[in-house]
Amino acid sequence: MAVEHGFVGPITGPFTSFDVAGSTGTYAWKANFAGQIVGTWTDSSSRYHGFLRNANGSITTFDVPKEAQTLPETINTSGQVVGQEWDSAGVLHGFIGIVGGSSTVFNFPSGTTYASAHLNDAGQITGQYADKNFTAHAYLRDTNGTFTTLNEPGQVLANAIDPAGNIVGVNGGKYKGRKDGFFRRPDGTSAKIEYPGAGGISSSTIPETLIPRGSSWEGTNSPPAVAVMPDGTGLLLRGSTTGSIEEKNSVSTRCDQRWRA
């Protein structure tokens, strides 16, 4: 049976593999700019727990108190960790907290079968949850604990949230024809995102990451993706790993045109 291991290293290598001591599998999910990595590990009973690996290689394991299984997803620059946990009754919840400190558990709407999370440095959380009919809904959990289901039409996936609280994602189901990107501002207004040339009825624009204006990506030769909204304003999206266009023949195309917000 294959065993999963975590690894870390520059994109060109070399890589360092690591494991949580006593685990039957180690899954590294996200890292922050301080080199901290969060992920999950499984025990001999196939139960999920969380871990934090520091840049010096030390690993701390953790669980959300009193809950059955812990599945951390991401970590921001201040060390806040966000993820999901299953309680002893099999109900899915979200959590946010500091490893070794306190954590806050929050609820998804009743009947949630799946959820994911993205986190900004302000502590705002976005992502999606699936209801009992397996329809996806995007959400925003603000720093004051307010939980809002985003009212974009169709099945909705929220893919990123920037430090200002702007959200990008996709509306429309994967098997229901066209998918459109959306951009939601902190005031709740939103606009469609459309990559030039992806305007066909069966084409899709899928933004995945927001890069703030003034970031190190501006003024470089690293190509970001283009995303133009109907009002003529735009977004600066990172390149091939963070955006794609699905043409009607289901071929994904790299978003590699140069554009500046």
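Here the range 63-80 is the region considered, the condition is being at pLDDT below 90 and of a type outside the set (A, V, I, L, M), and the residue that is surrounded by the most Cβ atoms within 10 Å (Cβ to Cβ) is 67.
Among the residues of the range 145-187, those identified as modelled with pLDDT of 80 or more, in a loop (DSSP other than H, G, I, E, B) and small (Gly, Ala, Ser) are 145, 164, 165. Residues in the range 17-33 that are within 16 Å of residue 56 (Cα to Cα), in a loop (DSSP other than H, G, I, E, B) and free of Cβ contacts under 8 Å to residues at least 24 places away in the same chain: 1 in all.
Checking the condition of a type in the set (Gly, Ala, Ser) and in a strand (DSSP E or B), which residue from 94, 13, 90, 111 passes? Quick ask: steps written out before the conclusion?
Values: 13 fails: in a strand (DSSP E or B); 90 fails: in a strand (DSSP E or B); 111 fails: in a strand (DSSP E or B).
Only one candidate qualifies: 94.
Kindly indicate the residue of the range 31-62 that is charged (D, E, K, R) and surrounded by fewer than 19 Cβ atoms within 10 Å (Cβ to Cβ) and also nearest to residue 6 (Cα to Cα) among those meeting that condition. Out of the qualifying residues, it is 43.
Going residue by residue through the range 121-131, is there one that turns out to be closer than 25 Å to residue 43 by Cβ and either surrounded by fewer than 22 Cβ atoms within 10 Å (Cβ to Cβ) or of a type in the set (Phe, Trp, Tyr) (or both)? Walk me through it before giving the result.
Here is the first cut: in the range 121-131, the ones closer than 25 Å to residue 43 by Cβ are none.
No, the range 121-131 has no match at all.
Within the option set 111, 83, 25, being touching a strand residue (DSSP E or B) at 6+ places or on another chain (Cβ under 6 Å) and either under 26 Å from residue 143 (Cα atoms) or surrounded by fewer than 13 Cβ atoms within 10 Å (Cβ to Cβ) (or both) holds for one residue only, 83.
The values are calculated or read from the model by the stated rules, or taken from the named source; none is laboratory data. It should be emphasised that the depicted structure is a prediction, and the values quoted were computed from it without experimental measurement. Quick reminder, even Gly has a Cβ in these numbers, built from the backbone with ideal geometry, and neighbours come from all protein chains shown.
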